[in-house]
1. Could you grab the pairs with beta carbons closer than 8 Å, sequence gap of 6+ or different chains, first residue in segment 68-92 and touching a residue at least 60 places away in the same chain (Cβ under 8 Å), second one surrounded by fewer than 16 Cβ atoms within 10 Å (Cβ to Cβ)?
2. What pairs can you find where one residue is in segment 1-29 and on the phi < 0 side of the Ramachandran plot and assigned to a strand (DSSP E or B), the other is at pLDDT 90 or above and exposed (fewer than 13 other Cβ atoms within 10 Å of the Cβ), and their Cβ atoms are less than 8 Å apart, with a gap of 6+ or different chains?
């Protein structure tokens, strides 16, 4: 969900950040979130989500090795369920390690197509 949609829900839901993305036709990145459940519910994967959050912070701070390790750990904590967002960011980390972003990179992932 977008930041605007999240704002409309008040404080009723638990979410995790999926980062900021820049989509085709938009110059400014958009913050997007995954809906996890209602506030007050216990999340079975809360430790994995905390590890993911730390890895996302490392990614934004350009610490791609640490981020990749963190996303792998978060994915592993989810067991057979896996974790699509962690898999996505593992691939992003590998791409950034192979070809580092420019100095003015703002931490957003840019999608070239729809």
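1. 85/34
2. 20/106; 22/28
The values are calculated or read from the model by the stated rules, or taken from the named source; none is laboratory data. Since the structure is predicted, the reported quantities are computational estimates derived from the model, not experimental observations. Methodologically, a virtual Cβ is constructed for each residue, glycine included, from the backbone with ideal geometry; neighbour enumeration extends over all protein chains shown.
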